[in-house]
Amino acid sequence: MTQVRRQSALTALLFCCLPGFVGAGEKPLWELGVGVTALYFPDYPGSDQSSAYGLPFPYFVYRGDFFKADRDGIRGVFVDSHRIELNLSVGASLPVNSDQNRARQGMPDLQPTVEIGPALDIHLWRTGDRRYKLDLRLPVRIAVTVSGGMEDIGWVFSPRINLDIVDVVGLPGWNLGLLAGPLFGSERSHEHFYSVAPQYATADRPAFDAEGGYSGSQFLIAVSKRYPHYWIGGFARWDNLSGAAFAASPLVRQDYSFSAGIGVGWIFGESSTRVEAFE
């Protein structure tokens, strides 16, 4: 894969590559495997260029009391109650080669970033058999670049409503996830991706100073099924940038972005220790 593309790409990839919502019961403490996924992403939200990729990925699940790795990410759980869960959440974005993007040609490449911060999950509703689960997720992360020195590039906040359904429409083992919500970013975060400094301005790309605030909205649907020795899943995501604080940037060539992917993972090892899990 040459250079993929911001947090939206990584979030969607996480949905695709990690196991889906599988209900309650005793499950292995850990599972390990490997898989492959086909992905379609824009260069960045608002870009009019997209690319398709084929990628391997590790399949890893850990269901510890404090440390967890599952479809919600890799995280530490500080508070876990019937209604509220407080996690330490991490994320990342990979670089963009500006020479390969028409809107950014002549500008510096986008550097890879790491994001870290708390995520408060509020369990709004779930059925007794846990086939249906509705959550409000409130992650806030601080982002820093990790190439050529660490630079603080502000924060991102992405509150979202998440609905998980097990055995959707009566199909045993098939799981459906629906996610929707707005996105917000600080001024430095938006500047990193959407500002155009005067020295990089051209006749077709005027200078632009991005401001913080609303970053658009996202809508995602994911499906998955776990078989005894393998897992399959897929997702589609739509980002709407209408009304975003950076919408007037010349780097925004369209006010929407579409991403999609499908993955298959083969599970070759699991723990003999079983734990009670409500996923």
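The values are calculated or read from the model by the stated rules, or taken from the named source; none is laboratory data. Quantities reported herein were computed from a predicted structural model and do not represent experimental measurements. Cβ placement follows ideal geometry from the backbone for every residue including glycine, while neighbour counts extend to all protein chains displayed.
Can you tell me which residue among Phe258, Phe246 is exposed (fewer than 15 other Cβ atoms within 10 Å of the Cβ) and farther than 29 Å from Trp125 by Cα? Break it down stepwise before answering.
Details: Phe246 fails: exposed (fewer than 15 other Cβ atoms within 10 Å of the Cβ).
Within the list Phe258, Phe246, the selection yields Phe258.
For Leu178, are the conditions met, namely being at pLDDT 90 or above and loosely packed, with under 14 Cβ neighbours inside 10 Å?
Details: at pLDDT 90 or above: yes; loosely packed, with under 14 Cβ neighbours inside 10 Å: no.
Answer is no for this residue.
Quick one: which residue in Ala245, Ala236 is outside any loop (DSSP other than H, G, I, E, B) and aliphatic (A, V, I, L, M)?
Sole residue among the options that is outside any loop (DSSP other than H, G, I, E, B) and aliphatic (A, V, I, L, M): Ala236.
If we scan segment 104-117, do we find a residue that is in a helix (DSSP H, G or I), modelled with pLDDT of 95 or more and under 19 Å from Val196 (Cβ atoms)?
First, the residues of segment 104-117 that are in a helix (DSSP H, G or I): 104.
Cutting the leftovers down to modelled with pLDDT of 95 or more gives us 104.
Okay, now just the ones that are also under 19 Å from Val196 (Cβ atoms), so 104.
Yes, segment 104-117 has at least one match.
Among (1) surrounded by fewer than 18 Cβ atoms within 10 Å (Cβ to Cβ); (2) at pLDDT below 90, where does Ser89 come up short?
(1)
Here are Ile165, Ile161: which of them is surrounded by fewer than 16 Cβ atoms within 10 Å (Cβ to Cβ) and at pLDDT 90 or above? Outline the logic, then answer.
On the way: Ile165 fails: surrounded by fewer than 16 Cβ atoms within 10 Å (Cβ to Cβ).
After ruling out the rest, the residue left standing is Ile161.
Based on this model, can you work out whether Asp152 counts as of a type in the set (Asp, Glu) and either closer than 30 Å to Ile232 by Cα or part of a loop (DSSP other than H, G, I, E, B) (or both)?
No; evaluated as a whole, the condition is false for this residue.
Residue by residue through segment 202-220, note down the ones that are touching a residue at least 40 places away in the same chain (Cβ under 8 Å), part of a strand (DSSP E or B) and over 24 Å from Gly33 (Cβ atoms). So that I can check it myself, show each step before the final result.
Of the residues in segment 202-220, the ones touching a residue at least 40 places away in the same chain (Cβ under 8 Å) are 202, 204-206, 208, 212, 215-216, 218-220.
From the residues that got through so far, the ones that are part of a strand (DSSP E or B) too are 208, 215-216, 218-220.
Across segment 202-220, the qualifying residues are Phe208, Ser215, Gly216, Gln218, Phe219.
Considering only residues of segment 221-232 that are out of contact with any strand residue (DSSP E or B) (no Cβ under 7 Å at 6 or more places or on another chain) and touching a residue at least 40 places away in the same chain (Cβ under 8 Å), which is surrounded by the most Cβ atoms within 10 Å (Cβ to Cβ)?
First, pick out the residues of segment 221-232 that are out of contact with any strand residue (DSSP E or B) (no Cβ under 7 Å at 6 or more places or on another chain): 226-228.
Filter again for touching a residue at least 40 places away in the same chain (Cβ under 8 Å), leaving 226-227.
On the way: Arg226: 19, Tyr227: 10.
In this case the residue turns out to be Arg226.
Checking Ala143 against (1) in a loop (DSSP other than H, G, I, E, B); (2) of a type in the set (Gly, Ala, Ser); (3) buried (at least 16 other Cβ atoms within 10 Å of the Cβ), which single condition isn't satisfied?
(1)
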